[in-house]
Amino acid sequence: MGETYYAGGYWGPREEPPEACAQRLASFLKGLAVTDSSFAQWYETAKSPKASLSRPLRPDQDALTRWVQKNKDPVFDELGFSIGGWNGAPTAQDDCGFLIRCGSYDSRTNNRCVFSLPGRGANADRVLNASVLSNTLRVTAVAWEPDWGVAMSHEHRDMAEAQRTPKSPYVGWVTYLARHRGTVPPLPAPVRVEPVEDKGTLIILTPERFTAGNPEHVSLAERVRVLLGQAGLLEPLQAQP
């Protein structure tokens, strides 16, 4: 079985009302729709696929506000809202989904937007490339303004865990760092660095699929991690200024 991948954006406490979260979610859905065909339609997560398919998500401000409000933590206001979407794929291998916590202002709980990505098949062949994953993180950064984000394999994440300070960014196939973290230093080839509007920077390690089974890929990721760490860009999760 091949490596499995995910993508996510993470940010610290940021109190936001349901209207603000819904506005971000609408931007997120619109951006995803033009990133890849498997991200064009989303459904609310539900107890069964049939129930989920009857609840399509559309970038409508009023409808999304009601949905976000419905998913408010029932006990603790400070935990904000927890929402999830599914792409309605007919086969498990083409499944994609996202889980979002937003509006939380509890210092013990991070806000996040995390994607599960297809593991194999036609959708995986198309989605698991540097361009699509970079655009996915770009859309996440523009909509949710996270502190950092990453697209990487679960296997590489497990390997990198030993060198990571808790709550600090992972350095994966594609990494996003918010601008307030600092300036990205020169990085070795074939690494590519791209701005995300005025919000931050994407760092793409390789144009081909990054795999934890490739020693050259792992070595490159470690070199970049050290350089970013020396530049002060990998400090633990920071609150938004």
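The values are calculated or read from the model by the stated rules, or taken from the named source; none is laboratory data. Here the structure is a predicted model, which is why all the values come from computation and not from measurement. As a convention, Cβ positions derive from the backbone with ideal geometry for all residues, glycine included, and neighbour counts pool all protein chains shown. Each accessible area value is taken on the protein alone, full model and side chains, heavy atoms only, with ligands, DNA and RNA left out. Shrake-Rupley method; radii C 1.70, N 1.55, O 1.52, S 1.80 Å.
A few remarks follow.
- Build a GNM of the chain with springs between Cα atoms under 10 Å apart, and of D158, D95, D73 the one that fluctuates most is D158.
- Crossing angle, helix 18-33 versus the chain [Cα axis fit, 0-90 degrees, rounded to tens]: 60
- Net length gained if the chain between D73 and S27 were fully extended (0.36 nm per residue, minus Cα distance): 14.3 nm
- Under 14 Å from the Cα of K167 - aspartates and glutamates, other chains or at least 8 residues apart: D147, E235
- Whichever lysines have a C-alpha closer than 21 Å to that of K30, once near sequence neighbours (fewer than 8 apart) are set aside: K199
- P(r) tail, region 95-241: Cα-Cα pairs separated by more than 19 Å, 51% of all pairs.
- Residue-span extension gain [Q61 to R179] - 0.36 nm each, minus C-alpha spacing: 39.7 nm
- For the chain, a Gaussian network of Cα nodes joined below 10 Å ranks P207, P13, P169 by mean-square fluctuation, and the top entry is P207.
- Listed residues A20, A143, A162, most fluctuating in the chain (Gaussian network, C-alpha, under 10 Å): A162
- Working note: Karplus 6.51/-1.76/1.60 with θ = phi - 60° gives region 216-223 the couplings 5, 5, 5, 5, 4, 4, 5, 4 Hz, where Gly and Pro are set to x.
- Accessible area (Å², per residue) of region 1-132, counting only protein heavy atoms and a probe of 1.4 Å: 48
- The alpha-carbon positions of region 50-160 define a convex hull whose volume is 144 Å³ per residue.
- Value of [θ]222 nm, deg cm²/dmol, for the chain, DSSP H segments ≥ 4, -39500 (n - 2.57) each, nearest 500: -9500 deg cm²/dmol
- In a DSSP loop and with at most 13 other Cβ atoms within 10 Å, the trypsin sites (Lys or Arg not before Pro) in region 21-63 are K47.
- Separation between Cα centres of region 43-61 and region 114-139, rounded to whole Å: 21
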